[in-house]
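Notes follow once the structure below has been shown.
The values are calculated or read from the model by the stated rules, or taken from the named source; none is laboratory data. None of the values given here were measured: they were computed from a predicted structure. Neighbour counts are summed over all protein chains in view; Cβ atoms, including those assigned to glycine, are modelled from backbone coordinates with ideal geometry.
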């Protein structure tokens, strides 16, 4: 840590620090527009932005103090104070929120003995922060410590998670690679995305390594793209020499040895004999072997997963589980870059645009603007300098489509982007990827390099006069930068203020040049359309919304994950057939689509087919594709408040209605959720919501009231009940209490678990909860083996 | 090009925005974040008008007219939204337009101004100002129930300013000659008056520590009150008090000396950004959303010209000797 060094070495280290700053400036540049990459590099070096380093930046670059303050305090990524050695990021995305992320956050703070005002432990080991969304919604609640992700973290598991992390950190330091020389006889494929890693794929990876070493079976371990069945992970595919594949969902590390032995024979006869003997001994010593995964039939093993996958149609995620994200030869063997070659070598630019126009493809980022029309607008300008930007600033809490597409299918997105560049006559492409997705950035960067090596990026592609190259710009943590004019402002090195349109970016965009901005998913649909033609594409989906849509299915659903379905599939089909119904046998209450810009669709409307227009009619929006299932135990007022507090934090602050108006709406919702609201408040809330929709200037502000308006429309009664002080779901803490029922046997488990000493230690007596001390964390409910503690409404 | 504003057909000049067209045609349109000839970005939405053809509400200060546009600037719908934008700005404006003591004085004395002269040690001026309001020999303070001291904001911090004692002491200073022609100005009670509300415990502590004027007066009255657009439009719109809970993330009562005669009081800022966009490495935005504020780093203070005060639509930037 730089700060500790400073104290020890005084002046000398300041000089050393300046040398480090200078090296970064030499590498990154000195113009005003590179401020964000420069600050990112400085933070990577020092773990925060030391003021001495910033002073050096003023001296050596065009960046002045006004710009520095303006930009470095706008983006959530930048820190001005030193943090602890490890950073705990508690995800508070929608899915995590409905599963109790706030309780997890509180539990960490309690476990680490943090005061109310600090965010760093006294020993400087840990800092804690809430983060908008890690994009691992199927594993909610999720926590990330440094680079390692933990899924299904309950308040009671906090200590366990910290211990596991410490062990992991030690192992990381000690780990040494062991590369064998023999050629592999088979292949084990496993997903290595964030969510797979969170569910323990790393342990599986290690187990495969160990087992192959121990058994003398040399197998290649291949990280593959996401299957999307995030609830079935860790999941491995064993590819046999004959080309067939055996799939094992939910594997445990101890099962790996068995699986390998089942499929492969060790290289030497002696090893075979030894293994057989040792296995027999194992069998006698452990009874677990008898319930081994191998004894189950194929159907039993993969039953749920096959229904999960069967209703889906894959365009953006074509080649799931088969294609390695960064194996360019394999991608090309599966028709990869065929569309690009076809477009560049056989189609005039206008023909490409016409194909996209005829396909009816609509932008997948939220608005649903016809992609072909956007392309025509950019192509129509006669300026020579044009840009194509891929918008990967997916900030909706509860959405992780773009992350998985970029992590798993970066080559397809790049292909779509090059085709777009060819069609509109641009030479430069920029990937804008949010900082919270480091894996996506790494994969995309690597994929770009691979394309350059293959001559798919660069000068005169396919012998034509078309040249194109791509760079990556990492977002710095601002939801508003998903709005295209704000995104442009941030690439130009300013705070992410949206500006008024027109002029549209298609006419006057990045650095004043015509700019095409398409969402990740939109670009990933392009190659399919070019390969199969507009007609074939139109046969999928509905008339006004052709094609497929990728959704991030999460919340209170049995099997969450990334899904891709034809437009027009109903919400019920998605929840029942793909998602396996509502979790815990509860009744469906509503589905939230479109994140903070969308709305809640009540259960009775869930048989409506999903497309752009149907969702808008119901008061929600397609958005980028977050889909959070809400059950009877979800409080709709709380859900509305959750989204409003998100947009309130993410508002850029420029305009009155968004900056102040949303804050005032949140004030009212806070009052409602604490039982202090009045009926008049509900009317005021509605009036404000409608006015903000009319008066906000950008997409964020205009859509921010949607969660409130849609819940008011379908669940007004619940608002009125909150005025009377009733929250039936027990979510709003001020309106509930915990009660110990007669089932209590006095086992004292709850008393031991209680972090606030609200339950007196009374063995063999029915326990009693002191409500003044209770923090309603719910730990006792989890601990109780007799189901004797319940949340009940204060009033009824 | 021609457009229609409120049924009146108007010829558009090259490069004009809607507000400029409307104002040239003699229509009155309020605006705060816009100043003619200065760099600006639409934000306040006080200048909102309706595009009748699309039904959209648009900021007239930055929208360029298109051929045949039909604009409405004064329907009830527009006026209501304009009023709401002012109400929202006022709900984030923890400041007093007039000092409470000046408002309540039965004799109509601008008490705060008197204390200002007293605190800046212009005692002769202070005495003359007092004399211009009422004859010194008929000073009624001794028998007055002193609503000024009851209303005093300092009273909510620790103890009210001893207003009557100060007035008495000034009246007794016969050694100070009365200056000729002092205009007695009084508090403007007819216009809208923004009220600061209660101080938080933290603010009270801070005020106790930092306010050290001889009279102990907090000087609540806004130095910009004669030229505040927010107050003027709120009065025109007939707003009595904001309908929304007043809360602000801005520091209350903090006055920053920028340079020369230029002062900055963040609590009165509506964050329109005119001072940011029109100063080079001077004022800048800090943070985002509701807690966003305009700041002036110490190192940048000399980069700001005094004229910037004329751009500020409220009393946040003001000139003071």
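Numerical summary
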{"read-out": "Residue within the range A:699-713 that is within 30 Å of the chain's Cα centre (by Cα) and on the phi > 0 side of the Ramachandran plot present", "value": "no"}
{"read-out": "Among the residues listed as A:517, A:563, the single one being surrounded by 20 or more Cβ atoms within 10 Å (Cβ to Cβ) and under 22 Å from residue A:423 (Cα atoms)", "value": "A:517"}
{"read-out": "Tally, over the range B:189-206, of residues that are buried (at least 19 other Cβ atoms within 10 Å of the Cβ) and closer than 17 Å to residue B:256 by Cα", "value": "0"}
{"read-out": "Test: residue in the range A:746-763 that is in contact (Cβ under 8 Å) with a residue 24 or more places away in the chain and closer than 20 Å to residue A:674 by Cα", "value": "no"}
{"read-out": "Tally of residues being over 14 Å from residue A:36 (Cα atoms) and either crowded, with 22+ Cβ neighbours inside 10 Å or facing chain B (nearest Cβ under 10 Å) (or both) across the range A:66-80", "value": "1"}
{"read-out": "Selection from the range B:153-165 of residues that are closer than 19 Å to residue B:130 by Cα, touching a helix residue (DSSP H, G or I) at 6+ places or on another chain (Cβ under 6 Å) and in a loop (DSSP other than H, G, I, E, B)", "value": "B:161"}
{"read-out": "Filtered residues of the range B:1-28 (kept if touching a helix residue (DSSP H, G or I) at 6+ places or on another chain (Cβ under 8 Å) and free of Cβ contacts under 8 Å to residues at least 24 places away in the same chain)", "value": "B:10, B:13"}
{"read-out": "Candidate set from the range A:508-545 (those that are more than 28 Å from residue A:659 (Cβ to Cβ) and assigned to a loop (DSSP other than H, G, I, E, B)); member that is farthest from the other protein chains (Cβ to nearest Cβ)", "value": "A:539"}
{"read-out": "Spans of strands (runs of 3 or more DSSP E) in the range B:47-95 with at least 1 residues away from chain A (no Cβ under 13 Å)", "value": "B:70-72"}
{"read-out": "Those helices (runs of 4 or more DSSP H) lying entirely in the range A:44-142 with at least 2 residues closer than 30 Å to residue B:296 by Cβ and in contact (Cβ under 8 Å) with a residue 12 or more places away in the chain", "value": "A:51-60, A:65-72"}
{"read-out": "Subset of the range B:237-250 [away from chain A (no Cβ under 14 Å) and surrounded by fewer than 15 Cβ atoms within 10 Å (Cβ to Cβ)]", "value": "B:238, B:240, B:241"}
{"read-out": "Residue B:168, sole failed condition from (1) over 30 Å from residue B:231 (Cβ atoms); (2) free of Cβ contacts under 8 Å to residues at least 12 places away in the same chain; (3) in a helix (DSSP H, G or I)", "value": "(2)"}
{"read-out": "Hits in the range B:265-275 - residues which are touching a strand residue (DSSP E or B) at 6+ places or on another chain (Cβ under 7 Å) and more than 8 Å from chain A (Cβ to nearest Cβ)", "value": "B:266, B:269, B:275"}
{"read-out": "Boolean, residue A:568 is more than 14 Å from chain B (Cβ to nearest Cβ), assigned to a helix (DSSP H, G or I) and at positive phi", "value": "no"}
{"read-out": "Criterion violated by residue B:320 - all others in (1) out of contact with any helix residue (DSSP H, G or I) (no Cβ under 8 Å at 6 or more places or on another chain); (2) within 11 Å of chain A (Cβ to nearest Cβ) satisfied", "value": "(2)"}
{"read-out": "Search result, residues across the range B:22-39 that are surrounded by 13 or more Cβ atoms within 10 Å (Cβ to Cβ), in a loop (DSSP other than H, G, I, E, B) and away from chain A (no Cβ under 14 Å)", "value": "B:25, B:27, B:29, B:35, B:38"}
{"read-out": "Test for residue B:290: is it facing chain A (nearest Cβ under 9 Å) and in contact with a strand residue (DSSP E or B) (Cβ under 6 Å, 6 or more places away or on another chain)", "value": "no"}
{"read-out": "Matching entry among A:112, A:134 (being away from chain B (no Cβ under 14 Å) and under 22 Å from the mean Cα position of the chain (by Cα))", "value": "A:134"}
{"read-out": "Unmet requirement for residue B:228, which otherwise passes all of (1) free of Cβ contacts under 8 Å to residues at least 40 places away in the same chain; (2) surrounded by 15 or more Cβ atoms within 10 Å (Cβ to Cβ); (3) away from chain A (no Cβ under 14 Å)", "value": "(1)"}
{"read-out": "The listed residue being farther than 30 Å from residue A:502 by Cα, over 32 Å from the mean Cα position of the chain (by Cα) and surrounded by fewer than 18 Cβ atoms within 10 Å (Cβ to Cβ), out of A:751, A:758, A:743", "value": "A:743"}
{"read-out": "Residue satisfying all of: in the range B:294-310; more than 7 Å from chain A (Cβ to nearest Cβ) and surrounded by fewer than 19 Cβ atoms within 10 Å (Cβ to Cβ); nearest to the chain's Cα centre (by Cα) among these", "value": "B:310"}
{"read-out": "Which listed residue is over 21 Å from residue A:635 (Cα atoms) and in contact with a strand residue (DSSP E or B) (Cβ under 9 Å, 6 or more places away or on another chain), from A:586, A:564", "value": "A:564"}
{"read-out": "Test: residue B:68 is surrounded by fewer than 23 Cβ atoms within 10 Å (Cβ to Cβ) and more than 30 Å from residue B:57 (Cα to Cα)", "value": "no"}
{"read-out": "Lone unmet requirement of (1) more than 10 Å from chain B (Cβ to nearest Cβ); (2) under 26 Å from residue A:731 (Cβ atoms) for residue A:650", "value": "(1)"}
{"read-out": "Given (1) within 13 Å of chain A (Cβ to nearest Cβ); (2) touching a strand residue (DSSP E or B) at 6+ places or on another chain (Cβ under 7 Å); (3) touching a residue at least 24 places away in the same chain (Cβ under 8 Å), number of the condition residue B:42 does not satisfy", "value": "(3)"}
{"read-out": "Filter result for residue A:627 (more than 11 Å from chain B (Cβ to nearest Cβ) and surrounded by 23 or more Cβ atoms within 10 Å (Cβ to Cβ))", "value": "yes"}
{"read-out": "Filter pass, residue B:197 being farther than 26 Å from residue B:300 by Cβ and away from every other protein chain (no Cβ under 14 Å)", "value": "yes"}
{"read-out": "Enumerated helices (runs of 4 or more DSSP H) restricted to the range A:676-726, each holding at least 1 residues that are within 14 Å of chain B (Cβ to nearest Cβ) and in contact with a strand residue (DSSP E or B) (Cβ under 9 Å, 6 or more places away or on another chain)", "value": "A:679-695"}
{"read-out": "Among the residues listed as A:609, A:602, the single one being more than 12 Å from chain B (Cβ to nearest Cβ), at pLDDT 95 or above and under 30 Å from residue A:565 (Cβ atoms)", "value": "A:602"}
